[in-house]
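Remarks on the structure that follows.
The values are calculated or read from the model by the stated rules, or taken from the named source; none is laboratory data. What you are looking at is a predicted structure, and each value in this text was computed from that prediction instead of being measured. No Cβ is skipped: glycine too gets one built from the backbone with ideal geometry, and neighbour counts run over all protein chains shown. The area values use the complete protein model at the heavy-atom level, side chains included, leaving out ligands, DNA and RNA. Shrake-Rupley method; radii C 1.70, N 1.55, O 1.52, S 1.80 Å.
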Amino acid sequence: MNAHLRRAAVAAAATAMAVSLAACGSAKESGDSTKESAEKKGDDITIGLLLPENQTARYEKFDKPLIEKKIAELTDNKAKVVYANAKQDATLQTQQVDTMITNKVDALIVDAVDSKAIAGGVKKAKDAGIPVVAFDRLAEGPIDAYTSFDNEEVGHVQGKALVEALGDKAEGGQIVMMNGAITDPNAALFKKGAHAELDGKVTVGKEYDTKEWKPENANANMEAAISALGKDKIVGVYSANDGMAGGIITALKAAGISPLPPVTGQDAELAGVQRIVAGEQFMSVYKPYAPEAAAAAEMAVALAKGESLDSIATSKVDSPTTKGVPSVLVPVVSLTKDNIQDTVVKDGVYTVQEICTPKFKAACDQLGLK
């Protein structure tokens, strides 16, 4: 409660400062205000885009270009996108929000490093009249819109796939659960969905929340789990994403565990898809980035222009601080070696040439990936 009051006091002080600074320039700028607000309603807008990190390939390779492309399409190439990546640093991301406010962007798309820590920045933006779209992770604070995948469903898809892969081994053996970072609200939803499928069907021998989603932290956790449980006792591993799956599989191989137990993943990263082709990783969750990016762009452009979200956002989601946030939730697909062609290849995420490098050519040929 004290921390909450402190945050409120800081936010109030910041708001007061912003108001007094705005007042200083108001006399000089008042003549341009009508022109400026008219421009804001047109295509000549500025959208701020803040992504959380660059360890996971998706953000720089897919999300950023897809969002920029869709905003350009929606505004006849007249809108400007200002981009910053927080590199997994919540404090840096808060500073980036402040910079966006100073630069007077017309709307802000934020994928939060830490969903709670960003709340003060979201409130500052709101106080400055800048609408905020929470992208991929449900940020706290007075957000105006949200788009992501059905994250609990992601966990269900992963858990169900692992149970199916284990078959008869589900009863006698133990699995290791490698969840994501506790600072990411999605990680809690993945975990909840996975537990719904796994509990009662398989024994969880060890479970970890992986700091910052880092593969090296997952690797260290997996080494600890192997030590604690014994390498012959682990029949499967729930990994919340592909990056961590890579670290986990490295640890399993280093311990001499063969054949490798089924390992789950998420994000359909190229390295993850290649491990699936090679039979090292059992599955990933393919999340079609284009519809998620398109929803974020559409909502940000509409909000920047002062338009309604009714035709875009078909769902409502409650965050811990805001009820009934207009939302777009995109469905997900379980990716295994059987549907690589019909998912990531067909959708143009990767070409067969990108997946089937010389190292994976023989395995690709066996799967008919050509």
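Computed quantities for the displayed model
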item	result
Packing rank of 256-268, 202-214, where each peptide gets the mean count of other beta carbons within 10 Å, highest leading	256-268, 202-214
With Cα atoms, 0 to 90° folded angle of helix 242-254 axis to the chain main axis	30
Gain on full stretching of the segment that runs from ALA196 to VAL82 - 0.36 nm per residue minus C-alpha separation	37.0 nm
Rounded FRET efficiency, nearest 0.05, which uses the C-beta distance separating ASP347 from ALA278 and R0 of 22 Å	0.55
Pairwise centroid distance, computed over Cα atoms, of region 232-308 with region 318-360, Å	9
Alpha carbon convex hull of the chain, projected area averaged over orientations, nm²	20.2
Extension gain from SER311 to ASP98, taking 0.36 nm per residue of separation minus the Cα-Cα distance	73.6 nm
Spatially proximal lysines relative to LYS231 (Cα-Cα < 17 Å; intrachain offsets below 8 disregarded)	LYS169, LYS206, LYS253
Normalised alpha carbon radius of gyration of region 38-103 [divisor 2.2 N^0.38 Å]	1.21
Convex hull of Cα atoms in region 268-370, direction-averaged projection (nm²)	8.4
Cα long-axis angle, helix 64-74 against the chain (0 to 90 degrees, to the nearest 10)	50
Cα convex hull of region 171-295, projected area averaged across orientations, nm²	7.8
Two-site FRET efficiency, THR91 against ASP365, from Cβ-Cβ distance with R₀ of 51 Å, rounded to 0.05	0.55
GLU207-GLU171 pseudo-label distance in nm [points 7 Å out on the Cα-to-Cβ vector]	2.4
Per residue, in Å², the accessible surface of the chain once ligands and nucleic acids are set aside, probe 1.4 Å	46
Expected 222 nm ellipticity per residue - DSSP helices of 4 or more, -39500 (n - 2.57), all of the chain, to 500	-14000 deg cm²/dmol
Separation of alpha-carbon centers, region 131-168 and region 56-91, rounded to whole Å	20
Listed peptides 226-237, 314-325 by packing density, highest first (mean Cβ within 10 Å)	226-237, 314-325
Normalised contact order of the chain, rounded percent, pairs of Cα under 8 Å and 6 or more residues apart	16
Percent carbon-and-sulfur accessible area, the chain, ignoring ligands, DNA and RNA, probe 1.4 Å	53
